[in-house]
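Accompanying notes for the structure given below.
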Amino acid sequence: MGWFDTFKKDFREDYLNKIFRNSIEDANAIRRLAEDKSFEQDKQGLSDTEWLSIVFEFIYFYLYLTDRFAFEHMNEEERAVKMTGVEKICISSAVNAICHEWPEDLKEKTKKKCMENYYVSMQEHSKYKKWFAEKGKGTKNTLFWEFGKVIAKLAGREMSTRYIMFSVITVTNSLKDLDIKSFIEEVK
Amino acid sequence: MAPFRGKRDLPGFRKDKEGNFVFDLTEEEQQEVEDTFKGFEGYKFNPAVADDIKKGTTAFALSNYATAQVGMSEIESQKEKREKLLEKAIAAIAKAYSIYQLPIYIYDLACFTEMAGRIDVARNLFREFLKKQLKFKPGQIDELLFKQRDIDEAIKDAKTKAI
């Protein structure tokens with residue numbers, strides 16, 4: 001119970017807020033990993049730009065997974081009516097929240113850039129059919145592993161297995177909170 | 001309503017010559033109010049209720065502004081910036097209640113005060129909310145203004161914190 005519970009739920013808005021909050025928490029977790037002095041020697045922490053890029057990459061990934069679920073569980077007409085514009089609302093709200101002190105024109109430019117980056121991410125993620133490696137097979141070209149590589153690169157720790165694995169675990173945990181399946185059921 | 005009597009300068013609040021708290025809207029608050037009124041451009045209202053609608057809408061805009069500040073404080077990692085955002089929220093919601101007396105604004109003020117760490121002040125405000133909410137008989141305009149709010153949930157929450 002608390003103040004946030006005294007607002008009547010719009011399940012769509014609620015879900016997009018969850019994507020945003022989880023992405024912030026995930027990026028903060030990566031930041032804490034980067035600040036761990038027992039492991040980090042050459043580079044400590046994340047710059048603000050690295051942190052911001054990581055937040056949005058998590059947002060894009062969750063939006064991609066939501067769209068993939070929608071594709072599998074809704075017909076084309078349902079998707080067109082119920083899912084159009086979801087990514088724009090989510091990304092726009094995220095920019096407004098994180099960059100609230102920025103001038104309006106810079107915020108608008110950032111939103112436009114983020115939308116472009118989102119489409120690039122969508123194309124990249126859609127190359128990988130398998131979410132995880134099958135038993136006895138390698139992780140290369142599986143969705144979550146390749147996503148982990150993106151995060152590691154954005155954190156300036158390209159190809160670090162530690163960062164890749166941590167990103168995969170972080171995303172897997174956040175997906176439990178997001179419960180994409182329930183959202184798609186509710187929106188249908 | 002003066003949220004922190006004399007102990008803190010909240011955005012837009014000041015004391016007049018007699019020592020009473022008065023306020024002006026900050027630039028940001030004014031912008032929020034103007035943006036909200038843009039939504040009513042072209043509408044005509046019965047003169048009998050026009051004043052209430054104007055006050056209610058102004059208060060509604062200020063409460064939305066306050067909500068946005070709290071939302072931003074939740075993701076702000078720097079303590080000083082977080083406190084400033086909460087101060088803005090507290091100031092805005094206090095002004096909202098001064099302009100249009102919806103008890104839910106007292107509840108919001110109590111919550112923001114609690115978030116700012118002023119537990120004793122918050123407790124008194126929760127009690128004040130419960131007292132006022134009990135006697136409150138909402139009109140049509142009131143119901144429009146708090147349509148998005150779950151008042152029963154607010155009462156439940158306030159009861160646990162008013163002790």
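Taking the centroid of alpha carbons for each part, the range B:33-65 and the range A:82-120 are 29 Å apart.
Backbone phi angles across the range B:110-123, fed through the Karplus curve with coefficients 6.51, -1.76 and 1.60 (θ = phi - 60°), yield HN-Hα couplings of 4, 5, 5, 5, 5, 4, 7, x, 8, 5, 5, 4, 4, 4 Hz in residue order; Gly and Pro are listed as x. Our coupling estimate for the range B:17-23, obtained by passing each phi through the Karplus curve with A = 6.51, B = -1.76, C = 1.60 and θ = phi - 60°, is 4, 7, x, 7, 6, 10, 9 Hz, Gly and Pro reported as x. In this simple spin-label approximation, A:GLU40 and B:PHE45 carry label points 7 Å from Cα along the Cα→Cβ vector, and these lie 5.3 nm apart. For the segment B:68-81, counting C-beta atoms of other chains within 10 Å of every residue's C-beta and taking the mean gives 3.
For the peptides B:92-101, B:24-33, residues were scored by their other Cβ atoms within 10 Å and the scores averaged per peptide; the highest-first order is B:92-101, B:24-33. For peptide B:154-162, the mean count of partner chain Cβ atoms within 10 Å of a residue's Cβ comes to 2. Once the 1.4 Å probe is applied to the protein heavy atoms, the protein assembly as shown comes out at 57 Å² accessible per residue.
What's the carbon and sulfur percent of the protein assembly as shown's accessible surface, probe 1.4 angstrom, rounded to a whole number?
On the way: 10130 of 19940 Å².
About 51 percent, which is the carbon plus sulfur part of the accessible surface.
All distinct Cα pairs of the range B:14-127 go into the 1/r average, and the inverse of that average, the Kirkwood radius, is 15.1 Å.
Give the shape of chain A as rounded, prolate or oblate, defined through the alpha-carbon gyration tensor: a ≥ b ≥ c are the square roots of its eigenvalues, a/c under 1.5 means rounded, and otherwise the shape is prolate if a/b is larger than b/c and oblate if not.
Oblate shape, in that a/c is at least 1.5 and b/c is the bigger or equal ratio.
Put simply, the amide H of B:ARG149, placed in the peptide plane, has neighbours under 5 Å in A:LYS8, leaving out anything fewer than 5 places away on its chain. Computed from phi, the 3J(HN,Hα) profile of the range B:47-55 under the Karplus parametrisation 6.51, -1.76, 1.60 (θ = phi - 60°) reads x, 5, 10, 4, 5, 5, 5, 5, 5 Hz, with x in place of Gly and Pro.
For the pair B:ASP150 and B:LEU134, the difference between a 0.36 nm per residue extended length and the Cα-Cα distance amounts to 4.3 nm. For chain A, modelled as a GNM whose springs connect Cα atoms under 10 angstrom apart, the maximal fluctuation among A:ASP14, A:ASP105, A:ASP48 occurs at A:ASP105. Between the alpha-carbon centres of the range A:121-144 and the range A:38-64 there is a gap of 21 Å. What is the sum of charges, Lys and Arg at +1 and Asp and Glu at -1, for the other residues whose Cβ falls under 14 Å from the Cβ of B:LYS81? Neighbour charge sum, excluding B:LYS81 itself: -3.
For the peptides B:110-117, A:97-104, residues were scored by their other Cβ atoms within 10 Å and the scores averaged per peptide; the highest-first order is B:110-117, A:97-104.
Helix check for chain A. Which DSSP H runs span at least 30 Å along their own axis by Cα, with a mean Kyte-Doolittle hydropathy no less than -0.5?
Length and hydropathy pass: A:48-73.
The values are calculated or read from the model by the stated rules, or taken from the named source; none is laboratory data. These numbers were taken from a predicted model, which means no experiment stands behind them. Quick reminder, even Gly has a Cβ in these numbers, built from the backbone with ideal geometry, and neighbours come from all protein chains shown. The accessibility values were calculated without ligands, DNA or RNA, using every heavy atom of the protein model including side chains. Shrake-Rupley method; radii C 1.70, N 1.55, O 1.52, S 1.80 Å.
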